[in-house]
Amino acid sequence: MKRKKPTKTSKRKSAKLLQRANRRFGWALMVGVVGLVVVFGYLAVRSSFAGTNVTRHFIQNVDGVASQRKTQALGFNVVDVGPDAKAVNALPAGQQAMVWVGNTKCGSFDVPYAAFTSAVDKLAHNPKVYGWYLSDGPSAGSCPKIVAEIKRRADYIHAHAPGQKSYIATAKDEYAPLKPSLSHVDVFGLDPYPCQVGRACDLGLIDSEVAKATAAGIPREAIAPIYQLFGQACAADAKNWRLPTEAEAKAMLTRWDKALPHAPMDVAYSWNRQSNYACQTLADANGAKGYPDLQSIMKDHNATKNSQPVVTAPPATKTPAPTPTLAPVATVTPKSDRPDPRPILTPTPTPAPTATPVVTTPPHVGDTAAPTKPGGFRAAIVIDRFAVLAWEPSQDNRKVQGYRLYRDGVLVSDQRSTLYIDVKLSSNTSYTYEVEAYDAAKNVSQRAQVKVKSKVASAAPAAAAAPTPVPSSAPAAEQPLGITPSGVDQPVEIPAGLEPDVSGIVDVMTPGPADSTITPNDGGAGPDEVLADDTGSAGDGNLTDSQVNDGQGAMEGDVTGADISADEATANTELTVGVDGGTASTDGQLDTTYLTNGAHEVSVSTTKANGTKTQSTRTVKVQNSLTPIETVRNQIFAGFHGNKQLVNNTMTGLAALLALLLIGVSSWAIRRWVMGGKRFGKVSVL
């Protein structure tokens, strides 16, 4: 049969059908592309915030490889070990270490500070380390100096092991003095164990303790719930708690998940037994011998929580010289009925020294020239307990990589800027600061040095009072503080005549009984004085009024008459840092790498609880070692006064707008291509 030739009419119909099909295909393709962009964009944004929403599962008292593998099978990816690199590296793939280096309550630290810093240095870049267990139940009320020691260790971790966490388990009623702004700790464990002997589990304790902690200044995102997975029926000492039933355990986990949906970590206490405090434990609770099956409950819970895979590839670092392994710590009974958190350590034999040298190729071969010594090192501002330090940039044959700043020989900052703000110094105390520059080849300059003496902060008087006598040699007015000639290292002394107004002490004392007095020393020669130590004892004066504190615990250290007013008046001091007339920070932690290079007017102001305000302003030259992209970023956002949060938020918004623009342009281009360059016209339906 002869095939019929297509007519012009049929050709036009076919062309229209093809055009309609192309249009529909173009729209479908555009919708598909947009959908994919939206889905992948959502996943990217979600992953970018995953660091704050990912929960690690930490279980305590895990000793030996067998226990580590059993707990890993239940979904626990963090276990406690001692500060031993070999023990850390021996953890199964997928598990990380919470390194115990802490103390209990007011006891001494199991690992002295020198050994602690050595351990941090050795494990700083080891991906098998999640964090450092600094203290269990520290009591700031009984031993106020414990907060400073915890802060000291947390700061060392942040400076030398960035990315690794500092962790403490907090006791009830000890939240306020240990909040992050004072202790610098990253994660805080809460342990309101709800299941006591002879009682139903009181799950309301969980809500009440979380509320107390957040009200005291610990954000929810920094709180780690400590699950009660132990009893004390067979314990040799305390018998206060009991092992929860399966139903009680599920209810406890549900309550914790509701109270802290985005906890950085959860803690299970305990896997193995501790004879004095934990017996029975999760290792017993496997459903056999009459015990509840809590292991299956925890396995399901860990699997459903947003657990993140742990990358634990061995670190590619040079082999360190063999060092003696820290011996396991002898068990010391804590001065409380709290379970002992210290890991049950298994001794690790010290490896024999090897005579084979480790050959490494240094970076930037051939660069042996050190940067020049930082010049003009000075304290640009000294105000109350805060100091602003600045120096001139060093020069290098290639490029200065950064600066290391030391206070009294201890590294306090490794940064790229020539400006540093030191907060929370002790009142009326002398400090020695040193700064050195280094380059990418690890060449280090000579150190510049400056000595600073912090001011004695005075309290505002309650009423008009006679001014403090000023020595005849004192200047008539306050002089600029902490200024030295450019390029000269010399002590910075506080001008005379800045003694505090002691009359203001009445403003900062907690009202006490009617007979509350501070009586001078009337029995001996010399100036009158009142001495107070951490427990409030009065020396040879008579010190009453609730140990002369402000309701937040005893004063720090030993102080004398005038300093009592200063310490109490600055107990609650708000620090604000501004740049070029704008406010860059309200907590004193200015990120100077967000400033453009050049001269900036830096102002520091303090506002005390009694309303006293002090402000000091200086013009400081800032030089940052920035990448080209960072330099452009700073130039674009110069009007944000170094406010890191505003800059990052603005950059995020601009990135979102750019993404939307790219989606629109790509969609238009795809449709244009599908239609063969013709106008789109109206989409018709077959």
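Observations, loosely collected:
- Taking the criterion of being open to solvent by 60 Å² or more (accessible area, probe 1.4 Å), more than 22 Å from GLU574 (Cα to Cα) and outside any strand (DSSP E or B), the only residue of region 594-622 that qualifies is ASN597.
- Of all the criteria given as (1) surrounded by fewer than 19 Cβ atoms within 10 Å (Cβ to Cβ); (2) closer than 25 Å to ILE629 by Cβ; (3) at pLDDT below 80; (4) not basic (Lys, Arg), the one not satisfied by SER585 is (1).
- Any hit, region 631-640, residues being at pLDDT 75 or above, in a strand (DSSP E or B) and surrounded by 15 or more Cβ atoms within 10 Å (Cβ to Cβ): no
- Residue count for region 97-110, restricted to those that are out of contact with any Gly (no Cβ under 8 Å at 6 or more places or on another chain) and either open to solvent by 10 Å² or more (accessible area, probe 1.4 Å) or in a loop (DSSP other than H, G, I, E, B) (or both): 3
- Taken as a whole, the condition of being in a loop (DSSP other than H, G, I, E, B), touching a residue at least 40 places away in the same chain (Cβ under 8 Å) and under 25 Å from ARG56 (Cα atoms) does not apply to PRO92.
- Of all residues in region 387-410, those satisfying the criterion of being surrounded by fewer than 24 Cβ atoms within 10 Å (Cβ to Cβ), under 17 Å from THR432 (Cβ atoms) and modelled with pLDDT under 90 are ARG407, ASP408, GLY409, VAL410.
The rows are residues; the columns are (1) at pLDDT 90 or above; (2) open to solvent by less than 90 Å² (accessible area, probe 1.4 Å); (3) charged (D, E, K, R).
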position: THR354; (1), (2), (3): no, no, no
position: THR361; (1), (2), (3): no, no, no
position: ASP367; (1), (2), (3): no, yes, yes
position: PRO371; (1), (2), (3): yes, yes, no
position: ALA380; (1), (2), (3): no, yes, no
position: ASP384; (1), (2), (3): no, yes, yes
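- Test: residue in region 292-306 that is surrounded by 15 or more Cβ atoms within 10 Å (Cβ to Cβ), at pLDDT 95 or above and in a loop (DSSP other than H, G, I, E, B): yes
- Residues considered: ASP80, ASP84. Of these, the only one that is at pLDDT 95 or above, out of contact with any helix residue (DSSP H, G or I) (no Cβ under 6 Å at 6 or more places or on another chain) and buried (at least 21 other Cβ atoms within 10 Å of the Cβ) is ASP80.
- In region 204-220, the condition of being under 17 Å from THR55 (Cβ atoms) and out of contact with any helix residue (DSSP H, G or I) (no Cβ under 8 Å at 6 or more places or on another chain) is met by no residue.
- Filtered by the rule that a residue be among the hydrophobic types (A, V, I, L, M, F, W, C), within 26 Å of GLU209 (Cα to Cα) and part of a helix (DSSP H, G or I), region 131-173 gives ILE146, VAL147, ALA148, ILE150, ALA154.
- Filtering VAL37, VAL45, VAL31 for residues that are at pLDDT 70 or above and either part of a loop (DSSP other than H, G, I, E, B) or surrounded by 12 or more Cβ atoms within 10 Å (Cβ to Cβ) (or both) leaves a single hit, VAL37.
- Residue check for SER118: farther than 18 Å from LEU178 by Cβ and surrounded by fewer than 17 Cβ atoms within 10 Å (Cβ to Cβ): yes
- Pick from region 223-258, criterion under 31 Å from the mean Cα position of the chain (by Cα) and assigned to a loop (DSSP other than H, G, I, E, B), ranking: surrounded by the fewest Cβ atoms within 10 Å (Cβ to Cβ): LEU229
- Number of residues in region 174-218 that are open to solvent by 30 Å² or more (accessible area, probe 1.4 Å), in a strand (DSSP E or B) and in contact with a Leu (Cβ under 9 Å, 6 or more places away or on another chain): the value is 0.
The values are calculated or read from the model by the stated rules, or taken from the named source; none is laboratory data. Computed from a prediction, not measured in an experiment: that's the story for all the values here. Please note: Cβ atoms are built from the backbone with ideal geometry, for glycine as well, and neighbour counts cover all protein chains shown. To get the accessible areas, we keep the full protein, side chains included, count just its heavy atoms, and leave off ligands, DNA and RNA. Shrake-Rupley method; radii C 1.70, N 1.55, O 1.52, S 1.80 Å.
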